[in-house]
Amino acid sequence: LSFETATYPACGGCSVVFASGEIDVDAGERLLATAVRRGLGRGTILVLDSPGGRLLGGLRLGRAIQQLGFDTRVGRLDGDGRPIDGICASACALAFLGGVRRDVSPGSKFGVHRFYFPGGVRSYDADELGALQELTGSLVAYASGMGVDARLVSVSSARSDLKVLSPDELRSFRVVYDPLACSPWEVRTFRGGLAAVSHSADGQADVSLFCDETGARRAVLVHRFTPPLEAGEQARYHRWYRTA
């Protein structure tokens, strides 16, 4: 897997890393090294285009992405260096789940299938079957730890061929995910007036609008931070407050 770094004015000068190729076991270590060398931090967008590769490499890469606080997308660069749709399948799908914010463009493909070992179909003894069950449990724990619905592992295990998830499935399994996305408003009675309440997807922010019996209108935004916040994170949240 190779990494190419770029900066785009369209997203406020954000840093973007394009990763393409087959995922090897050391891909996560190389991404961490690239981040240190380039000074990349939280909010960096990692755009993946890979047919898959080594399962262990996908897990390690996903944990590296989570450690760095990167967002993930699916796509690639064309011959002129412009970002276009891509594919993220198999081990790449596991790595993708490490993103803080995750998005798959309508023209890109996100595919899963059951893991397999080189050498084709064969019989497994009791110890090997135990190891396979342990690995399946590890995949469930990994997906859940990334905030993804564990049903995704069941869907993957049921298919020997590649299953490309639909947009509805991507949202249902929380593969596509934004922790700051707010839920639909819930309207309640409040002190003779009304209150509208919304919650962020990660459960860390509550937004409330009040109108009480005096006719006063108030907006309250509550965010529970895990200190300390990096300067970049503070700036990102402040921008979010203003736009939200």
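The values are calculated or read from the model by the stated rules, or taken from the named source; none is laboratory data. This is a predicted model, so every value here is computed, not measured. In this analysis, Cβ positions are derived from the backbone assuming ideal geometry, glycine residues included, and neighbour counts consider all displayed protein chains. Heavy atoms of the whole protein, side chains included, go into the accessibility calculation; ligands, DNA and RNA do not. Shrake-Rupley method; radii C 1.70, N 1.55, O 1.52, S 1.80 Å.
If one computes the Cα centroid of the stretch 95-111 and of the stretch 143-188, what distance in Å separates the two points? Going from one Cα centre to the other spans 10 Å.
Suppose R0 equals 30 Å; then what is the FRET efficiency for residue 85 and residue 136 from their Cβ-Cβ distance, rounded to the nearest 0.05? After rounding, the FRET efficiency stands at 0.45. Quick one: go through the stretch 190-208 and flag any residue whose amide nitrogen is under 17 Å from the point 7 Å out along the Cα-to-Cβ line of residue 182. What the label zone holds, given the 17 Å backbone N cut-off, is 194-208.
For 168, 178, what's the largest-to-smallest order of accessible area, 1.4 Å probe? Mind showing how you got there, number by number?
On the way: 168 100, 178 60 Å².
In descending accessible area the options line up as 168, 178.
Solvent-accessible area of residue 155, all protein chains in place: 40 Å² (probe radius 1.4 Å, heavy atoms, ligands and nucleic acids excluded). Here the peptides 190-197, 91-98 are ranked by packing, the mean other Cβ count within 10 Å, and the order with the highest first is 91-98, 190-197.
Compute the FRET efficiency between residue 157 and residue 6 as 1/(1 + (r/R0)^6), taking r as their Cβ-Cβ distance and R0 = 41 Å, and round to the nearest 0.05. For residue 157 and residue 6, the calculated efficiency is 0.65.
For the stretch 1-97, the C-alpha radius of gyration sits at 0.97 times the compact-globule guess of 2.2 N^0.38 Å, with N the residue count.
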